[in-house]
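Every read-out reported here was derived from the displayed coordinates using simple, explicitly stated rules and does not represent laboratory data. Since the model is a prediction, treat every value here as computed from it, not as a measurement. Quick reminder, even Gly has a Cβ in these numbers, built from the backbone with ideal geometry, and neighbours come from all protein chains shown.
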Amino acid sequence: MIQASICTIGDEILIGQVVDTNSSNISLVLNEIGVKVARMTSIGDDRGDIIGTLSEELRDNDIVIVTGGLGPTKDDITKNALAELSGSTAFKTDERQLEIIHNLLSARGLDILDINIAQASVPDTCEVIPNHLGTAPIMVFRFDEARFGHKATLYSLPGVPFEAIGALPDIVDDIKSHNSLSDIYHRTLMTYGVAESALAKMIEKWEDSLPEDMHLAYLPNPLTGVRLRLSIYGGRKEDAVKRIDTEIASLKDILGDIIYSEMDDTLESCIGRILAENGKTLATAESCTGGTISALITSIAGSSAYFLGSVTSYANSVKTGVLGVPEEIISRYGAVSSECVAAMAEGVRKLTGSDYSVATSGIAGPGGGSAEKPVGLVWIGVSSEKGTETFSAVFKSNRKRNIERFASTALNYLRVKIANELK
């Protein structure tokens, strides 16, 4: 299998001034064509570090893709480092890139300076793929077996994400024309409601029985749950699909409705699909989550087809005055209680005329807790014409993370109720 490394160059990445999005975008494209990304590396603006790191990556990988360090200013030193790495003895002007530089700068009404023209100058050891979106050309360096023990190719792309992503179709074409590629196949299952460690214990025997060439990854996220990714590297995609389908069928028997989607997904998207397919509607009543749930639901395009609205009933007066929660419930049980969220869920459903509703009330922290009702406690109510159910959970994190967990847990209970009633 063809193996690749992705390297970003620039001090701005290492000091956190710029977020590296190029690596993830490049990795996605490489996986689609059957190239396995083995490593991602960031290198500072130091000639020795660039040459040393790239030499190591070329020894270990068939393909190295580099982004950054190709601008017109003196701090962009990648081109000279690549010239030294490749054994270049002279530079040449690429006339195609020079024409692009003239056209781009003229169209912007900018003067064409010597430093702009110099960007079309490249080491004589490289091939050039013209960059039609910017001034720095894409350089391709091919190394024979004598240099690194195997044939290797280095692609040098601009660091500007717009230009780097724009170069990928040409890079893909070049990779395909010079390599015999095999398939990479991934399948994703989304789970919620079981922690990563507990989930691993539940499926331990199943995981241990997986074929050696089938790999399982656990990818936890507080908002979406634990993503399980099954992968097969190499072979034919048709065979991989059948084999992974068989393993997933066994996994579904173990996990049941802990699995909420068989693709890279979110709870709010899954809920939206079920509601839209069945012509049902939803409303929310939020206290401790402060509108987080409704924000997640409405982040999905087309949510107006099923989401009617929300009441952010942070104050008890809004719980009683708008949602119709009896004052006796709050005085007797408190706002953070099963009884209160049940009344909130039923109240917003009646108020909006929705088929389903979800309500939250809790203590996000850092203060406000007690021995009976600690910080991190949330009560959740989900309601439909078939009845109202309530659930509680306790999370021990900071305020922001607690609110996120409150919201995602509420969405999951809502998802289970809707799925069970609309089967």
(request) Kyte-Doolittle cut-off 1.6, length cut-off 24 Å along the helix's own axis using Cα: show which whole DSSP H helices in the chain pass. (result) none
(request) Only Cα pairs under 8 Å and at least 6 apart count here; give the relative contact order of segment 184-261 as a rounded whole percent. (result) 46
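Go ahead and run the numbers for FRET between Arg332 and Ser304, Cβ-Cβ distance against an R0 of 30 Å, rounding to 0.05.
Calculated value: 0.20.
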(request) Along Cα→Cβ, 7 Å out, is where each label goes; now give me the distance between the ones at Leu181 and Asn278 in nm to one decimal. (result) 4.1
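Taking 8 Å as the Cα distance limit and 6 or more residues as the minimum spacing, I'd like the relative contact order of the chain as a percentage.
11
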(request) Quick one: among Glu57, Glu99, Glu212, which has the greatest mean-square fluctuation in a GNM of the chain with alpha-carbon springs under 10 angstrom? (result) Glu212
(message) Pick from Glu277, Glu372, Glu12 the residue whose mean-square fluctuation is largest in a GNM of the chain, springs joining Cα atoms under 10 Å.
(response) Glu372
(request) Quick one: of Lys237/Lys423; Lys201/Lys396; Lys252/Lys280; Lys205/Lys242, which pairs are farther than 28 Å apart, Cα to Cα? (result) Lys237/Lys423
(message) For the pair Met202/Asp264, report the inter-label distance in nm, with labels modelled 7 Å from Cα in the Cβ direction.
(response) 2.3
(request) Can you pull the one-decimal nm distance between simple spin-label points at Asp257 and Ala107, each 7 Å off the Cα toward Cβ? (result) 5.5
(request) Return the label of the correct value of percent of Cα pairs over 27 Å apart, as calculated from the structure shown, out of (i) 63; (ii) 49; (iii) 54. (result) (i)
(request) Among Leu230, Leu210, rank each residue by its count of other Cβ atoms within 10 Å, from fewest to most, as a rough exposure measure. (result) Leu210, Leu230
(message) As a footprinting exposure proxy, order Met1, Met139 by other Cβ within 10 Å, with the fewest listed first.
(response) Met1, Met139
(request) Multiply the residue gap between Val241 and Ile33 by 0.36 nm, knock off their C-alpha separation, and tell me the result in nm, one decimal place. (result) 73.3 nm
(message) Quick check on the exposure proxy: order Lys350, Lys79 from fewest to most C-beta atoms within 10 angstrom.
(response) Lys350, Lys79
(message) What's the ranking of 153-160, 47-54 by average number of surrounding C-beta atoms within 10 Å, highest first?
(response) 153-160, 47-54
(message) Please list, in order, the residues from segment 148-183 whose amide nitrogen is less than 19 Å from a point placed 7 Å along the Cα→Cβ vector of His215.
(response) 181-183
(message) Suppose R0 equals 22 Å. What FRET efficiency, 1/(1 + (r/R0)^6) with r the Cβ-Cβ distance, do Ser392 and Lys423 give to the nearest 0.05?
(response) 0.30
(message) In segment 151-170, whose amide N lies under 20 Å from the spot 7 Å out along Cα-to-Cβ of Asp11? List them in ranges.
(response) 159-160
(message) Using only DSSP helix segments of four residues or longer, with each worth -39500 (n - 2.57), what per-residue ellipticity at 222 nm results for the chain after dividing by its residue count and rounding to 500?
(response) -12500 deg cm²/dmol
(request) Using a Gaussian network model of the chain whose springs link C-alpha atoms within less than 10 Å, name the residue from Arg147, Arg59, Arg243 with the highest mean-square fluctuation. (result) Arg147
(request) Over segment 3-178, calculate the relative contact order: mean separation of alpha carbon pairs under 8 Å at least 6 apart, over the residue count, as a percent. (result) 24
